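Encoded as structure tokens, the structure appears first; notes follow it.
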Amino acid sequence: MLTRHLLSLIFDEAVQNLNSACHQVNSQPANATLSGYVHLLDQGNAIFITDERKPYLITLEFTLFHKLKTGDRLQARVVNDSANNHNVVSEIVSVQHVTYDDAPVISANQTLNLFDNTINLGTSILIPVGDNTDIVTKVAHIVDTLPDNITPILLSFDGRPTNFNVSTAYFTQPSYDNREKLMTCLLTFFHAKQQADTGKDVVLIIDSLDKMFFVFNNCMQSIGTFNPNLFSSAAVTDYENILCSSGNLKAGGSLTIIGLHHTGTSPQLLQINDRLHQIMDQVI
């Protein structure tokens with residue numbers, strides 16, 4: 001599953017205190033109802049990622065009772081477990097289940113023309129870019145080129161200036177820490193997959209794959225799982241998992257992922273570049 005290993009490591013300490021957290025939760029009043037998505041962890045419990053990019057722990061008893069899966073849409077109440085300094089889901093109000101794992105792989109039969117290339121919907125596209133101005137120009141071209149029956153979703157990093165006509169856009173800001181940026185990435189992927197699962201043709205535009213990979217990479221660094229002088233392959237592996245799951249749609253929609261990638265000569269960018277050329281369906 002998407003970033004399961006990464007998030008499992010980030011929240012490992014929280015998972016070790018689940019029993020005491022459950023006891024604390026049951027004795028506290030619940031706050032307002034929040035909306036967001038579920039991300040299962042290896043241990044069987046989960047993270048509730050709200051639409052405001054805040055993560056809350058979901059205990060194993062909740063995931064089992066409600067049969068939660070990654071990508072499920074929740075309305076839930078949360079409390080703070082002051083004894084263990086955890087934010088924990090105290091009540092699940094409603095669940096909108098998804099069945100991506102059981103869905104057939106749908107091959108979209110529609111194409112579009114992009115930068116003088118014929119693109120099949122439901123595929124992954126890599127577009128090399130130069131500076132920020134080049135990124136803005138190419139994103140604007142992609143948005144303007146998409147037919148009216150295709151839903152664009154934009155994941156944009158670090159407050160990049162934009163006046164794109166995109167109804168759904170997720171932005172990170174320079175003030176966000178790596179975990180907030182990671183939550184923004186996950187929310188964007190979940191929303192795009194959910195929209196495609198309802199039968200829509202969705203194009204997810206990531207305006208910097210490099211920044212996304214470095215977010216994952218820095219989260220791994222922060223918990224000391226690898227040499228900070230090296231680039232972890234986990235970030236690219238997580239993206240491969242996204243590509244592998246993007247075709248499992250139960251309602252005949254399609255999810256096309258268009259990633260913009262900085263070219264460069266640093267060892268990290270060369271490593272990312274080589275791997276992306278291997279795993280993307282098309283490079284234009």
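Scan the range 196-250 for residues that are modelled with pLDDT of 70 or more, charged (D, E, K, R) and either assigned to a helix (DSSP H, G or I) or outside the structural domain of Arg179 (by TED's automatic domain parsing) (or both) and jot them down. Asp197, Asp210, Lys211, Glu240 - these are the residues of the range 196-250 that are modelled with pLDDT of 70 or more, charged (D, E, K, R) and either assigned to a helix (DSSP H, G or I) or outside the structural domain of Arg179 (by TED's automatic domain parsing) (or both). Restricting to the range 256-270, what's the tally of residues that are under 25 Å from Thr188 (Cα atoms), outside any loop (DSSP other than H, G, I, E, B) and not hydrophobic (A, V, I, L, M, F, W, C)? Selection size over the range 256-270: 5.
Per-residue answers, yes or no, for (1) small (Gly, Ala, Ser); (2) assigned to a helix (DSSP H, G or I); (3) not assigned by TED's automatic domain parsing to the domain that holds Cys219:
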| residue | (1), (2), (3) |
| --- | --- |
| Ile127 | no, no, no |
| Lys138 | no, yes, no |
| Asp144 | no, yes, no |
| Pro147 | no, no, no |
| Gly159 | yes, no, no |
| Val166 | no, no, no |
| Tyr170 | no, no, no |
| Tyr176 | no, no, no |
| Lys181 | no, yes, no |
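The values are calculated or read from the model by the stated rules, or taken from the named source; none is laboratory data. Computed from a predicted model, the values in this text were never measured in an experiment.
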